[in-house]
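The values are calculated or read from the model by the stated rules, or taken from the named source; none is laboratory data. Computed from a predicted model, the values in this text were never measured in an experiment. Every residue, glycine among them, receives a Cβ derived from its backbone with ideal geometry; neighbour counts consider all protein chains shown. For accessibility, only protein heavy atoms count, side chains too; no ligands or nucleic acids. Shrake-Rupley method; radii C 1.70, N 1.55, O 1.52, S 1.80 Å.
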Amino acid sequence: MSPNFDTAGIDSDWGTQDKPIEPVPDNVGIPLRVRKHAGSGERASGADAKGDQDSALGSDLPEDSPSTAATSTNGNRPQYYPTYHRYKEGKYVFPNDKLENERLDLQHYIFSLTYRGRPGLCPKNDRDAKVHRVLDVGSGTGSWAVEFADEHPEASVVGVDLSPIQLDYGPPTLTFYVDDIEEEWVFESKFDYIHSRMMSVSLVDWDRYLHRCYDNLEPGGHLELAEVKMPYDCDDGTVLETHAHMKWVRLLMEASERMGRPFVDPTRLKEQMEAIGFQDVQVQKDKWPMNPWPKGHRWKELGAAVLENFDEGLESFSYKLCTEGLGWTKEEVDELLVEVRKNIHDRSLHLYITVYTIYGRKPDA
């Protein structure tokens, strides 16, 4: 049975992904790799997949590339020992090493594809918007903050993260701070726009976090959140709860609960924001195919990038949650991830991730 996916006209209607995705027939070639370039959103060129002249998504990776190692599905992978932040050690469950930083830049590229090149969805991202002060929470490598500051030279942009891993270049209007956003916020003045992306498993109390965002916005200012729904989705029954990657997702959810920093339910964020006082709260739901299984060039491009994101991130996502949250050994985690990696590469499994982008406005004074 085929899923209800129809991508007719997807190139002209990419911004609304409520339409289902149609899988690629088994005899059609697919793009296998997307190579990101930090801060640029540019893809490396490569040979077209055989029989798929509209793809052009391959890339020639050096043999020692971490991404090349990540494509293996046979378990013969180099040993990976991640490093973590030292400031407020233990509060953030994902690494801050080079491999994870490259993955974060790729994740930024995926959001750029999703938003058709816009930094975000709220009106403060319009090129003609006049923005004075912007806060980027959980900046990571700083790719989003650099992009926004480049597009809005009139704005003073502040990025905050637990790790000093930000890009070493950027406009003079951009400043990064190493700080803990779960502590009291002591910014010298309020913001016109607060940007928050992928903060799941980073926060103990989302209601307190949303209140702080509200309190630190100027009247008329916007808060924008972007989070994924857990577990992942499938519309046609090709993905079963017994598959390794579905078991893996459930384990991560259980581990995050045990560690007191659960994955947020993005379906409730609109209601939470409205209860605090935000107005004109909007929600956009987008779909990220787990690999290039769908029809349509843009879907395949997105699926190829998402697959690389997971190839590079499976260990990063899993080690601390499973070892500290569930008491597993690293060897037990590695054994599970061999099967998970096989599943995420399998184009007969029509899995996708639902991404929620929610934004709202603080009332005018």
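Structure values in brief
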{"item": "Tabulated pairs, the range 297-311, first aromatic (F, W, Y), second in a helix (DSSP H, G or I), C-beta under 6 angstrom, 6+ apart or interchain", "result": "F310/I344"}
{"item": "Selection count, the range 113-139, where residues are surrounded by 18 or more Cβ atoms within 10 Å (Cβ to Cβ) and assigned to a helix (DSSP H, G or I)", "result": "4"}
{"item": "Complete set of residues in the range 213-243 that are open to solvent by less than 40 Å² (accessible area, probe 1.4 Å) and more than 23 Å from the chain's Cα centre (by Cα)", "result": "N216, L217, G220, G221, D236, T238"}
{"item": "Whichever residue in the range 140-171 is over 22 Å from the mean Cα position of the chain (by Cα) and within 13 Å of D192 (Cα to Cα) and, among such residues, is surrounded by the fewest Cβ atoms within 10 Å (Cβ to Cβ)", "result": "E154"}
{"item": "Answer from Y209, Y193, Y177 - the residue that is part of a strand (DSSP E or B), of a type outside the set (S, T, N, Q) and under 21 Å from the mean Cα position of the chain (by Cα)", "result": "Y193"}
{"item": "Of all residues making up the range 342-356, the number that are out of contact with any Asp or Glu (no Cβ under 7 Å at 6 or more places or on another chain) and either within 15 Å of E224 (Cα to Cα) or of a type outside the set (A, V, I, L, M) (or both)", "result": "6"}
{"item": "Residue in the range 282-291 that is among the aliphatic types (A, V, I, L, M), in a strand (DSSP E or B) and either open to solvent by less than 30 Å² (accessible area, probe 1.4 Å) or closer than 23 Å to I344 by Cα (or both) present", "result": "no"}
{"item": "Qualifying positions in the range 212-227 - within 20 Å of G120 (Cα to Cα), part of a helix (DSSP H, G or I) and either of a type in the set (D, E) or touching a Gly at 6+ places or on another chain (Cβ under 7 Å) (or both)", "result": "Y214"}
{"item": "V355 vs. criteria outside any strand (DSSP E or B), open to solvent by less than 10 Å² (accessible area, probe 1.4 Å), modelled with pLDDT of 95 or more and within 24 Å of M259 (Cβ to Cβ)", "result": "no"}
{"item": "Which listed residue is within 21 Å of Q284 (Cα to Cα) and assigned to a loop (DSSP other than H, G, I, E, B), from P164, P262, P172, P231", "result": "P231"}
